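Please treat every number below as a calculation from the coordinates, not as lab data. Note that the structure is predicted; figures quoted are calculated from it, not measured. With ideal geometry, Cβ positions are generated from the backbone for all residues, glycine too; neighbour counts draw on all protein chains shown.
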Amino acid sequence: MFGYLFPGQGTVRVGMGAWLRRRPVARDRLDEVDALLTRPISELCARGPLDRLVSTEHAQVAVTACNLAALAVLREEGYEPAITAGHSVGELTALHAAGVLDLATTVELVETRARLMADAGRRREVPGGMRAVMGVTVERAEELAEAASAPGEPVVVALENAPGHVVVSGAVPGLDRLGKLATDAAKIVPLKVGDAYHSPLMAGAVPGWAEAVAAAPMHEPAVPVVPNVTGEPTTDRDVLREALVAQLTGRVRWVRTVAAVDAVAPGVEAGDSKVLAGLSRRAGARCLSMADPGTLRRLAKEVAA
């Protein structure tokens, strides 16, 4: 048994999903997702252009489609998760993998989430963004975010990705101030994302998202799921529903999440990405990536052993 980790929208790139389409079961799943969407995503994944693919409306849907296809491959190989988690929008695929959401509901929710978050950004005057702050502790990043914030220009810690890898999110003017204050950071990297996710600037999307999540049918989880905002495994549907709403403006506690998964089983990054596998290694946890051609062979060896 393995713990399944599903990547988020920061992992999108032109050409994503190409290796998955070589597997009939994954190709069928991608085609099924396309049929459920208002606008099919596979062609954009394959050919771009990049500026459209990384936009909020498309990136969340694209990464979810690839996550679902990778999950289909794992299931065809006979693997089922012992525990699941997903980074940001990847949490929706984690809920699907645990049996909480059916496929149609998962696709409907991710499309709704992407639309609401994109609309929230368009309605707001202050531009938002995200930046990775490398080489500082979470506590130091919190101090910097507080010092850089101003009325109407909040900055918060959004992602606790790995030791020494923190992402801050908020108003661009505040992020600029943080960059000048963070003289002790090893590096500050602007992320290629469309807005200030997991920050107060996403508040405009919360009412619509809460309504969509409340209306979504949810089944009893077959295995525990680790929500981003708690980092604690749970099989309580009410907790999972509340966490899914809170996640929009709340922090992704990924270090805690990875530790919770690793305590149960070795991790597998189920998507077309190696980002989560890298973050897991930085946190001292075990994780293989489905984007590595040798991973299925390694999984089989671990099961045989």
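Quick one: grab the alpha carbon gyration tensor of the range 163-249, order the square roots of its eigenvalues as a ≥ b ≥ c, and give me rounded if a/c is under 1.5, else prolate or oblate depending on whether a/b is larger than b/c. Note, shape of the range 163-249 comes out oblate.
P(r) for the chain, from all Cα pairs and a bin width of 10 Å, is 7, 29, 37, 22, 5, 0 %, short bins first. Pull out a ≥ b ≥ c, the square roots of the eigenvalues of the alpha-carbon gyration tensor of the range 64-155, then state rounded if a/c is under 1.5, prolate if not and a/b is larger than b/c, and oblate in the remaining case. Because a/c hits 1.5 or more and a/b fails to exceed b/c, the range 64-155 counts as oblate. Beta bridges from DSSP with both residues in the chain: antiparallel share about 60 percent, rounded to the nearest 5. Taking 57, 125, 220 as the candidate residues, the one with maximal mean-square fluctuation in a Gaussian network model of the chain, Cα springs under 10 Å, is 125.
Mean separation of Cα pairs under 8 Å and 6 or more residues apart, divided by the residue count, gives the chain a relative contact order of 22 percent.
How compact is the range 125-194 by the rule of thumb for globular proteins, expressed as Cα Rg over 2.2 N^0.38 Å?
Numbers: Rg = 10.6 Å, N = 70, 2.2 N^0.38 = 11.1 Å.
Expressed relative to 2.2 N^0.38 Å, the Cα Rg reads 0.96.
Fewest neighbouring Cβ atoms within 10 Å first, the residues 137, 64, 234, 56 line up as 137, 234, 56, 64. Annotation: the residues 1, 130, sorted from fewest to most other C-beta atoms within 10 Å of their own C-beta, follow the order 1, 130.
Among the lysines in the chain, how many pairs, 8 or more places apart or on different chains, have alpha carbons under 26 Å apart?
Working: 180/192; 187/274; 192/274; 274/301.
Lysine pairs, 8 or more places apart or on different chains, close enough: 4.
Cβ crowding within 10 Å, taken as a proxy for footprinting-reagent exposure, orders 303, 110, 229 from fewest neighbours to most as 303, 229, 110.
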